[in-house]
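Below is one structure; the comments refer to it alone.
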Amino acid sequence: MIVQQDFLKKIKDFGLNTYEAKIWTALLSRGVATAGELSDISNVPRSRSYDILESLEKKGFIIMKLGKPIKYIAVPPEEVVERVKKRVHEETAATLKTMDELYGSDVLKELTQLHNNGIDTVEPEDLTGSVKGQNNIYEHLNLMIKEAEERITLITSEGGLNRKGDALLRQLKKAAERGVQVRVAAPLTEKNMEGAKAISEFAEVKDLKGLNARFMIIDTTQVLFMLADDTEVHPSYDVGVWVNTQLFAQALEQLFDLAWDKIKVKA
């Protein structure tokens, strides 16, 4: 039985590897079959088929039929979906519980102390790094926002304003509520006016024309700037450079301050 690769990739969303997906779909097509039959149908090595069937049985995808030769019965896909959902919920709940228990624990205190002691001995030139992929970039920007105490300056593109609004809005609002000044500049158009309006509820937003740049400055100490034009790079290949040095951050913000008062305020 030949299964399309695209179909196999979708089946992996059930939490299966390639061999498991092939064996399961083979059994679904037969209803009941032996390990040898499934191996032949799915083109999975017979030496692996028994381990794979045992794994599928533990995951609740199949049932082993009593009798000889040993045969396997496929569980209906609708039931499998419910079982997978239940397992994901249980695993997520267990993981969240473990993470919650770490707060205030001796383990977290020791890890924090280890990190703080390490930072004290780090040279300034070592406090830099690259962040790859837009999701990772937004995660790091959120971390920077959490650490802000005085001022956040965000410069972004037309499309970036909407994306950053979705990804950073909650943390930016929290920063503003604790007294941090939030400034945002981007080319404002009809496409991002809704995002600009949401951010302007707690931040000063200005219309930035003629400058294609993407960066954030935190308290004149940290900077994260993107290296590529977001209209020309795939989100997975977007790259940001993070710099934690007051000299560069302060100089960049001072240059931006010279232009800030001249930028048109959002309508």
Note to self: If I filter the stretch 187-205 for residues that are at positive phi and surrounded by 17 or more Cβ atoms within 10 Å (Cβ to Cβ), do I get at least one hit?
What the structure shows: no
Check: What strands (runs of 3 or more DSSP E) lie completely within the stretch 146-240 and have 2 or more residues being of a type in the set (Val, Ile, Thr)?
Finding: 151-155, 181-186, 215-218
Note to self: Condition first: under 20 Å from LYS146 (Cβ atoms) and of a type in the set (A, V, I, L, M, F, W, C). Can you find one or more residues in the stretch 184-191 that meet it?
What the structure shows: yes
Checklist line | Unique match (being in a strand (DSSP E or B) and without any contact (Cβ under 8 Å) to a residue 24 or more places away in the chain) among ILE73, ILE63 | finding: ILE63
Check: Of the conditions (1) hydroxyl-bearing (Ser, Thr, Tyr); (2) modelled with pLDDT under 90; (3) part of a helix (DSSP H, G or I), SER130 fails just one. Which one is it?
Finding: (3)
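The values are calculated or read from the model by the stated rules, or taken from the named source; none is laboratory data. Only a predicted model underlies this, so the values are computations on that prediction, with no experimental measurement involved. Quick reminder, even Gly has a Cβ in these numbers, built from the backbone with ideal geometry, and neighbours come from all protein chains shown.
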